[in-house]
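This report refers to the structure that appears directly beneath it.
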Amino acid sequence: MKQVVVIGGGVVGVTTAWALVQAGHRVTLVERAAGLAEGASRANGGQLSYRYVSPLADAGVPLKALGWLLDPDGPLRFRPDGSLAQWRWLAAFLARCRADINRRTTERLLALGAFSQQSFMELQREAALNAIELRTPGKLVVYRKPASFLRAAAAADPKGPERALSREECLALEPSLGDCDQPWVAGGIFTAGEAVADCHALCLQLGRRLERHPNFQGVVQAQALGFLTERGRVVALRSTVGELGADDFVLAAGLQSAALAAPLGLRLPLYPLKGYSLSAPIAGHHRPPTVSVTDFERKTLYARIGQQLRVAAMVDLVGEDARVDPDRLAALHRTVRASFPKAADYALAVPWAGLRPATPSGAPMLGPTPLAGLWLNVGHGALGFTFSFGSARIVADLVSGRPSPLDLDGLGLRTA
Ligand SMILES: Cc1cc2nc3c(=O)[nH]c(=O)nc-3n(C[C@H](O)[C@H](O)[C@H](O)COP(=O)(O)OP(=O)(O)OC[C@H]3O[C@@H](n4cnc5c(N)ncnc54)[C@H](O)[C@@H]3O)c2cc1C
């Protein structure tokens, strides 16, 4: 049994703490906010998207990005934030916009997604989470342009669960797609088995299960400030409530992990990809989508989470600024009202903005660092909820001295 400190109480830190106590370790969770999941895990899209994992970096994306940037309602916005980190991240991202790199990363992320799905089922058996609005309606990725649909249909793995659906089949599967004056769907790819849940509710409930676990030593509400090392080993965390000694430390502080690792000489290539969500109440007369829907061209996700329609969208490279920009919010409202006009009460929608902790490749960084006793579980970008369960198990196995259950090639510190 080891004494382990996990830094960060988002979905990645909370699931890591759970996997570690289940593996028999004594665990302390350090979180600077008053509650769990107040960062990127607060009001995300809620998709457990185990199969739709292709990263943003791909051939042709730089050209498409120019078009997106020219469209004021487009999914992408870029504003120089005055930092070298932004240009460095962008250069590394552009270098990865190649079909062969995208294919390799997608393969790794598919393996991580499958392992995460299995790990989520184990977590459910162990922790019996309820009231997390879990549903498995499947995911429909819809295409506005016939050419994009035909390309996606041709690329779908014939041995996988994906099914290409014509426009009519999409409307039959999800009638709410036809609720606007000019239905916008050219076709879609449906994947059964994809799930939806409330990430924030899951974190809070898992936090309560942790509090009752005999191996859990509690949440320390404090800001982590840095690490103390002795002969190449991390021996303590410096924090606003003093030093916390332990055998091992797992860095799971999302975006802020980079600043905590930097004084140790570790450069974590993380940059905030800012996104927005709306949570709009659903009343009896509304017709929300039943399956979870991704609008491929607008990069907008729609999912019913309990009595709310959760819409998540946008990738803004504007620095570490989580404020809701009124222009972007208005753009999101326009898209949503035009696409699903009868789905929910948008006048009462609660807006939110969050910062995805993203690596240039789109793959998280899991596992050891050059410093003994310090482990990473960071950089999950657009799919941190989906990948958290598998990533947590992998890191818990490594901390326990067992081999990783998954090949970590491409998921480590040097390859992001
Ligand atoms: C708009 C949007 C939609 C999304 N939709 C989806 C989706 O549908 N499906 C999906 O899988 N993923 C989705 N994501 C991505 C997902 O939300 C993130 O990848 C995930 O929340 C990252 O979790 P995390 O625990 O690494 O980071 P966070 O949730 O940000 O947690 C990090 C925690 O560390 C704490 N912390 C930071 N610094 C310190 C410090 N120095 N000391 C102590 N504590 C510290 C923070 O307070 C925070 O609580 C979405 C993200 C956004 C923004």
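The residue list PRO62, PRO75 contains one member that is under 25 Å from LEU109 (Cα atoms) and surrounded by 19 or more Cβ atoms within 10 Å (Cβ to Cβ), which is PRO75.
Is the stretch 109-123 home to any residue that is among the polar types (S, T, N, Q) and touching a Gly at 6+ places or on another chain (Cβ under 6 Å)? Scanning the stretch 109-123, I find at least one residue that is among the polar types (S, T, N, Q) and touching a Gly at 6+ places or on another chain (Cβ under 6 Å), so the answer is yes. The listed residues are VAL5, VAL14, VAL30, and the only one of them that is crowded, with 24+ Cβ neighbours inside 10 Å, more than 8 Å from the ligand (Cβ to nearest atom), in contact (Cβ under 8 Å) with a residue 40 or more places away in the chain and not in a loop (DSSP other than H, G, I, E, B) turns out to be VAL5.
With respect to the conditions (1) away from the ligand (no atom under 13 Å from the Cβ); (2) of a type outside the set (Phe, Trp, Tyr); (3) in contact with a Ser or Thr (Cβ under 6 Å, 6 or more places away or on another chain), ASN377 lacks only one, and its number is (1). Candidates ARG287, ARG208, ARG238: the one that is modelled with pLDDT of 95 or more, surrounded by fewer than 19 Cβ atoms within 10 Å (Cβ to Cβ), of a type in the set (Lys, Arg) and part of a helix (DSSP H, G or I) is ARG208. Within the stretch 365-398, the set of residues being within 22 Å of GLN124 (Cα to Cα) and β-branched (Val, Ile, Thr) comprises THR386, ILE394, VAL395.
Per-residue answers, yes or no, for (1) on the phi > 0 side of the Ramachandran plot; (2) touching a helix residue (DSSP H, G or I) at 6+ places or on another chain (Cβ under 7 Å); (3) among the aliphatic types (A, V, I, L, M):
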{"site": "VAL293", "(1), (2), (3)": "no, no, yes"}
{"site": "LYS299", "(1), (2), (3)": "yes, no, no"}
{"site": "ALA312", "(1), (2), (3)": "no, no, yes"}
{"site": "PRO326", "(1), (2), (3)": "no, no, no"}
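Listed by first and then second residue, the pairs with beta-carbon distance under 9 Å, at least 6 apart or on different chains, first residue in the stretch 157-173 and on the phi < 0 side of the Ramachandran plot, second crowded, with 18+ Cβ neighbours inside 10 Å and polar (S, T, N, Q), are GLY160/THR191; PRO161/THR191; GLU162/THR191; ARG163/THR191. Scanning the stretch 256-278 for residues that are farther than 21 Å from VAL399 by Cβ and away from the ligand (no atom under 11 Å from the Cβ) yields a total of 6. Might you check whether a residue that is part of a strand (DSSP E or B), in contact (Cβ under 8 Å) with a residue 60 or more places away in the chain, surrounded by fewer than 24 Cβ atoms within 10 Å (Cβ to Cβ) and more than 11 Å from the ligand (Cβ to nearest atom) occurs anywhere in the stretch 340-359? Yes, the conditions are met somewhere in the stretch 340-359. Screening ALA253 with (1) within 14 Å of the ligand (Cβ to nearest atom); (2) surrounded by fewer than 23 Cβ atoms within 10 Å (Cβ to Cβ) gives one miss only, at (2).
Kindly indicate whether any position in the stretch 243-250 is acidic (Asp, Glu) and within 15 Å of the ligand (Cβ to nearest atom). Yes: one or more hits. Annotation note: of VAL196, VAL241, VAL235, the sole residue that is in contact (Cβ under 8 Å) with a residue 24 or more places away in the chain and either among the acidic types (Asp, Glu) or over 30 Å from PHE296 (Cβ atoms) (or both) is VAL235. Please specify each residue of the stretch 33-48 satisfying the condition of being in contact with an Asp or Glu (Cβ under 8 Å, 6 or more places away or on another chain) and near the ligand (Cβ under 6 Å from one of its atoms). Answer for the stretch 33-48, where residues must be in contact with an Asp or Glu (Cβ under 8 Å, 6 or more places away or on another chain) and near the ligand (Cβ under 6 Å from one of its atoms): GLY46, GLN47.
Is there a residue in the stretch 306-327 that is buried (at least 21 other Cβ atoms within 10 Å of the Cβ) and at pLDDT below 95? Taking every residue of the stretch 306-327 in turn, none turns out to be buried (at least 21 other Cβ atoms within 10 Å of the Cβ) and at pLDDT below 95.
The values are calculated or read from the model by the stated rules, or taken from the named source; none is laboratory data. The model shown is predicted, which means the values in this text are computed figures rather than measured ones. Cβ atoms come from the backbone with ideal geometry, glycine included; neighbour counts cover every protein chain shown.
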